[in-house]
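Undergrad: My structure is below; once you've seen it, I'll send some questions.
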Amino acid sequence: MSRIGRAVINIPNGVSIDVTKGNLVTVKGSKGSLSEQINPELAIKIEDGTLTVERPTDQKRHREVHGLSRSLINNMVTGVSEGYTKRLELIGVGYRVSNTGNLLELTIGYSHPILFMLPAEVALTTKMEKGEAPTIIIEGTDKQLIGQICAKIRTYRKPEPYKGKGVKFVGEIIRRKAGKTSGKK
C-alpha cells in the first residue's frame, strides 16, 4: 500500500473541508478556498479533525491515483492555512526587476524588457537592494500555480553553467563547469 496515500492529513483549526458527490473536494481557510476533483472511486473520510483517502482495490489504476490524491488534498489544506512562498533571484550584471501590481518587468540582458502578467490569485513582490541580487517573491495558496509561474519566469533566462547568470531559485545550487584553459604554451 502507498505510504503517501496511507498517511493521515491533520485538519488545522479554521480549515473546513467539504466533499460533494463525485469527490469534488473544497477546502476553505483563512487565506482563501481551493477546489479539486478527485477520482470518484476513492473514498475520502473525515473523522475527528483528520482526513484519510482510501482506495477500493489494489488494482494498478487505484494505486496510481491514491498517493497523488492524498498529496493534492494535503497541498490544498496547507495552502489555505499557511500559504506558499517561492523566491527567485536574478544573477547577472545589469539584471533588474520591478513590478506594478501583478505586472512583472524583467530586464535580463535582452534588447527589450520582458513583461509578464501574473494571475490575480497570487501576490507579487520584488526587492532591489544594493549589494544583493534582485529578488522576486511570489505568494499564494495554490502550490501548482505558484510552481508553474516560477517555472515560466525561469524559462526567460535559465542559469547557465559557466558564470551562473540567469534566473534561479533562492538557495538553488548551480553545477558549474570549468571554462576554457589555454592549451598551448
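Undergrad: Please tell me if THR100 is among the polar types (S, T, N, Q) and closer than 30 Å to PRO40 by Cα.
TA: No; evaluated as a whole, the condition is false for this residue.
Undergrad: Okay, next question. In the range 117-126, is there at least one residue being within 21 Å of GLY164 (Cβ to Cβ), open to solvent by 50 Å² or more (accessible area, probe 1.4 Å) and modelled with pLDDT under 95?
TA: no
Undergrad: Within the range 168-176, is even one residue under 25 Å from VAL27 (Cα atoms) and within 22 Å of the chain's Cα centre (by Cα)?
TA: no
Undergrad: Within the range 22-69, how many residues turn out to be of a type outside the set (A, V, I, L, M) and under 20 Å from the mean Cα position of the chain (by Cα)?
TA: Summing the residues that are of a type outside the set (A, V, I, L, M) and under 20 Å from the mean Cα position of the chain (by Cα) in the range 22-69 gives 12.
Undergrad: Among the residues of the range 142-174, write down those that are out of contact with any Asp or Glu (no Cβ under 7 Å at 6 or more places or on another chain) and among the β-branched types (Val, Ile, Thr).
TA: ILE146, ILE149, ILE153, THR155, VAL167, ILE173, ILE174
Undergrad: Starting from the range 39-60, take each residue that is small (Gly, Ala, Ser) and list its partners that are in a strand (DSSP E or B), counting only C-beta distances under 6 angstrom and pairs at least six apart or across chains.
TA: From the range 39-60, the pairs are ALA43/GLU54.
Undergrad: For residues in the range 136-185 being surrounded by 10 or more Cβ atoms within 10 Å (Cβ to Cβ) and hydroxyl-bearing (Ser, Thr, Tyr), which is farthest from SER35 (Cα to Cα)?
TA: Ranking the qualifying residues of the range 136-185, first place goes to TYR162.
Undergrad: Does any residue of the range 151-158 turn out to be without any contact (Cβ under 8 Å) to a residue 60 or more places away in the chain, assigned to a strand (DSSP E or B) and of a type in the set (D, E, K, R)?
TA: no
Undergrad: Scan the range 21-45 for residues that are of a type in the set (Val, Ile, Thr) and more than 22 Å from LEU145 (Cβ to Cβ) and jot them down.
TA: Hit for the range 21-45 is ILE44, nothing else.
Undergrad: Return a yes/no flag: does the range 48-67 have any residue that is closer than 23 Å to VAL122 by Cα and touching a strand residue (DSSP E or B) at 6+ places or on another chain (Cβ under 9 Å).
TA: No, that holds for no residue.
The values are calculated or read from the model by the stated rules, or taken from the named source; none is laboratory data. As the structure is a computational prediction, the values presented were derived from the model and not from experiment. Please note: Cβ atoms are built from the backbone with ideal geometry, for glycine as well, and neighbour counts cover all protein chains shown. Protein only, heavy atoms only, side chains kept; ligands, DNA and RNA dropped before computing areas. Shrake-Rupley method; radii C 1.70, N 1.55, O 1.52, S 1.80 Å.
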